[in-house]
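Participant: I'd like to ask you about the structure that follows.
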Amino acid sequence: MLTAEVNPRRWWALAFIALAQFMVIMDTSIIGVALPRMQTDLGFSPGSLSWVFNAYVIALGGLVLLGGRLADLFGARRMFAAGWAILLAGSVVAALAGTAWVELAGRVLQGAGSALIAPASLTLLMMLFGGQPKELGRAFAIYGAAAPAGGTAGVFLGGVITQWLSWPWIFWLYVPIALLAIAATPRLMPTAPARRGSVDVVGAASVTAGLALAVYAIVRAPELGWGSLRTIGTLAGAVVLLGIFVAVQRARKEPLVRLAIFRTPNLGGANLAQFVLGAAWIPLWYFLNLYLQQVLGYGAFASGAALLPMTVLIVVLMVAVAPRLIAKWGFKALILGGLAALAVGLVWLSFARPTGNFVVDVLPASLVAALGQALAFIPSLGTAISSARPEEGGLASGIVNTSYQVGSALGLAAMTAVGMSHGAGRLGDTVALTNGFSAAFLGAAGVAVVGGILAMLTLHTAPKAVTVPSEPASSQPG
């Protein structure tokens, strides 16, 4: 195995890689406060409005494995640039949309572009820093901090843009950033030789369709009933499609996912931790934002600003503290401790009152939850990537991104169902709304607890040292 030579522009490249992660995750949250206005302007029904979020997340979560495979076959740098181009196109479509279906098409395109960017970003990071173990930890910390920062910043920026401009500017924001990233990629990003292989289109289609059906069934279940034939039939269809995906992976000579990779020590446990973090964290900021606006009466801008303390704490902990704690205590202790702290913060939030206030009911609990997210995210991400074989870096990146995004989609869908069944949909009734939000917080806490127990059972040995097969950035053209 070869280690990557030191790239003199690696920190500038890391800045764009972190920016990519920031934008990919921000795209899941920035539309939150704009949804009511989008519903009015584009004619969404109450039942279909959530698909402005779900269309993006499902396309991202379902196609990111394909993105990782393409990065391995055709080069991470090419897929990184191609992803930005598709994200750019999707943003333009979403900004110009005049109907609900065009808006959803734009969101699907955005998700498809992000599905190329996300695994390529992690692969490029490993190529840049895989040969420098001391720098790799800091690089992971910066990259990891970009994810929750992007999620929280999306709520804040969405509030600013929606309140003072208009919702299409949420999507126009991506255009200059995408153009800058496309222009900078050839100069900053390293290359690796392309590999021979085929693309598993059937596998990509079946896993994406299966995830879409699963989320659709969970979102509609409170309205249709969990025991209704439609809900059961949709869930059964999702299981069949995901079963087809597994069968195809076993039968193909060059599958989208080499299933044996999950026998790699710690890889399955680390991805489970990422799944749980997405499933618990995304419902937290989603319902916390609703609590601030619908119960405490905050405006879009004030609600976004109220979430900034969490972002600041997460960034500081991930960049300055987490790498040192990993070196001292090891990855497993931090993952378990982080999930426990996240669960405590969520339980604390469940005690929020209909007549509460930010300082008492939100700030301390949200900071405890942010502490847990910061502690668990970096070690689980790093373990998931470094446990795989170097030549499967794109696949490992795709799997870990899938774990987090699918966890986000399913977790939010499930907690939305829990919240709605306890009153989260009764606008104007602050008591019912608070009860619904509290139920969702408790449900997410339960996810974190169960995830912590499973992680304790599946994480055992320290991850192996990371070596990355690559060539220096100047060795060949992109």
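Participant: Under 20 Å between alpha carbons: how many lysine pairs meet that in the chain, if sequence neighbours fewer than 8 apart on the same chain are excluded?
Facilitator: Lysine pairs, 8 or more places apart or on different chains, close enough: 5.
Participant: As a footprinting exposure proxy, order Thr234, Thr402, Thr383 by other Cβ within 10 Å, with the fewest listed first. Could the numbers behind the result be given before it?
Facilitator: Details: Thr234 20, Thr402 28, Thr383 25.
Ordered from fewest to most neighbouring Cβ atoms within 10 Å, Thr234, Thr402, Thr383 come out as Thr234, Thr383, Thr402.
Participant: Once every DSSP H run of n ≥ 4 in the chain is given -39500 (n - 2.57) and the sum is divided by its residues, what mean residue ellipticity at 222 nm do you get, rounded to the nearest 500 deg cm²/dmol? Intermediate results must be reported in sequence, preceding the final value.
Facilitator: Details: 18 runs with 351 residues, N = 478.
The helix contribution divided over the chain gives -25000 deg cm²/dmol.
Participant: In whole angstrom, note down how far apart the Cα centers of segment 393-449 and segment 50-84 are.
Facilitator: 23
Participant: Given an 8 Å cut-off on Cα distances and at least 6 residues of separation, report the relative contact order of the chain as a percent.
Facilitator: 25
Participant: How high is the FRET efficiency from Trp12 to Lys134, r the C-beta distance, R0 25 Å, rounded to 0.05?
Facilitator: Working from the Cβ atoms, E equals 0.85.
Participant: Another one. Estimate the FRET efficiency between Thr99 and Ser228 by the formula 1/(1 + (r/R0)^6), using the beta-carbon distance for r and 30 Å for R0, to the nearest 0.05.
Facilitator: About 0.55, to the nearest 0.05.
Participant: If each residue of separation counts as 0.36 nm, what is the full-extension length gain between Ala327 and Arg37 once their alpha-carbon separation is subtracted?
Facilitator: Once the chain is fully extended between Ala327 and Arg37, it gains 99.6 nm.
Participant: Under the classification rounded if a/c is under 1.5, otherwise prolate if a/b is larger than b/c and oblate if not, where does the chain fall, given a ≥ b ≥ c as square roots of the Cα gyration tensor eigenvalues?
Facilitator: Verdict is rounded for the chain.
Participant: What translational diffusion coefficient, to the nearest whole µm²/s, does segment 200-255 have by Stokes-Einstein, given a Kirkwood radius computed over alpha-carbon pairs, a temperature of 25 °C and 0.890 mPa s viscosity?
Facilitator: Translational diffusion coefficient: 210 µm²/s.
Participant: Could you line up Trp101, Trp348 from fewest to most neighbouring Cβ atoms inside 10 Å?
Facilitator: Trp101, Trp348
Participant: Relative to the present Cα-Cα distance, how much length would full extension add between Leu363 and Val319 at 0.36 nm per residue of separation?
Facilitator: Result: 13.7 nm gained on full extension.
Read the figures in this text as sums done on the coordinates, not as results from a lab. Keep in mind that what you see is a predicted model, and the values were worked out from it rather than measured. Using ideal geometry, Cβ is built from the backbone for each residue, glycine included, and neighbour counts are taken over all protein chains shown.
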